Amino acid sequence: MAPHRRLEGKILIATHNAGKLREMRELLAPYGITAVSAGELGLPEPEETGSTFLANAEIKARAGAQASGLPSFADDSGICVAGLDGAPGIYSARWADGKDFMGAMARIDAELRERGCLAPHERKAWFISALSIVWPDGHLEDFEGRIDGTLVWPPRGAAGFGYDPMFLPDGHERTFGEMSSDEKHGLPADGSRALSHRARAFQDLAKVCLG
Ligand code: ITT
């Protein structure tokens, strides 16, 4: 196995999702890395043909590295609902059919109700974030983070993006939609575990590639 590689200088953030881009930039900010995004460079979105979060993150990071000649950092993420056998999972963006997250959250709620899942313990879900960095010479680094919680209805809060207003992380009383960006994905100064799936994956990435 190739030794781990340090991430430095200018990189590409291989996403077209503004919410993710904001979080990824905030996570990288303390490390003095400058990042342009695939959206800002007008790069095409590769087809996500993988069957796992990690496979799709790698597809996006590879496409970004090839198109830009820069180390490329990609996230593939989504929400998995226990009562729906893990759906929407890697199809989380596709369930929102463009950008209709209210519609996607309503579909999750409706499908849970159809299956009789009304009590909080029947509405368990988890977010996954797979982070990949691919360098132009093909070197790859991969990380994955997870946060477990419960789905509430109606959605609460206007912060964050995507499915955040419906997701109540375990041990908390406010949804991701009601939290500040720092509460959701800030990295605790004492090194303890961050809250969000993306921040948790990033903590592992930082140890290996930014330490
Ligand atoms: P890129 O592929 O360009 O990065 P995308 O939106 O298509 O953007 P994904 O394929 O990884 O990204 O889909 C992830 C989906 O899961 C997307 O609909 C997000 O809104 C949702 N999601 C991921 N992380 C989330 C988070 O922290 N909070 C809320 N929703 C999230």
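Suppose a student asked you for the relative contact order of the chain, using Cα pairs under 8 Å spaced at least 6 residues apart; what percent would you report?
Value for the chain: 20 percent.
With a probe of 1.4 Å, find how much accessible area region 116-209 has per residue, and write the answer as a whole number in Å².
Counting only protein heavy atoms, the per-residue value for region 116-209 is 42 Å².
I'd like the Karplus ³J(HN,Hα) series for region 102-112: coefficients 6.51, -1.76, 1.60, θ = phi - 60°, whole numbers in Hz, and an x wherever there's a Gly or Pro.
Whole-Hz 3J(HN,Hα) from phi for region 102-112: 4, x, 5, 5, 5, 5, 4, 4, 5, 5, 5.
Lys pairs in the chain, Cα-Cα under 18 Å, at least 8 apart or on separate chains: how many?
4
Tell me, in nm to one decimal, what length is gained between K207 and T34 on full extension, where the rule is 0.36 nm per residue of separation less the Cα-Cα distance?
Net length gain for the segment: 60.4 nm.
Report, in whole Å, the centroid distance computed from the Cα atoms of region 169-211 and region 87-156.
17 Å
With a 1.4 Å probe and all protein chains left in place, how much of the accessible area of the chain comes from carbon and sulfur atoms, in whole percent?
It is 53 percent, rounded to a whole number.
Based on the Cα coordinates of region 42-108, what is the per residue volume of their convex hull in Å³?
Taking the convex hull of the Cα positions in region 42-108, it is 88 Å³ per residue.
Tell me the angle of helix 18-28 to the major Cα principal axis of the chain, expressed in degrees between 0 and 90 and rounded to the nearest ten.
It is inclined by approximately 60 degrees.
Please tell me the relative contact order of region 132-211 in percent, rounded to the nearest whole number, where contacts are Cα pairs under 8 Å and at least six residues apart.
Over region 132-211, the number comes to 27 percent.
Given 10 Å bins starting at zero, what is the percent of C-alpha pairs of the chain in each, up to the one with the largest pair distance?
9, 36, 35, 17, 4, 0
The values are calculated or read from the model by the stated rules, or taken from the named source; none is laboratory data. Because the structure is predicted, anything quoted here is derived from the model rather than measured. Accessible surface is based on the protein model in full, side chains and every heavy atom, while ligands, DNA and RNA are left aside. Shrake-Rupley method; radii C 1.70, N 1.55, O 1.52, S 1.80 Å.
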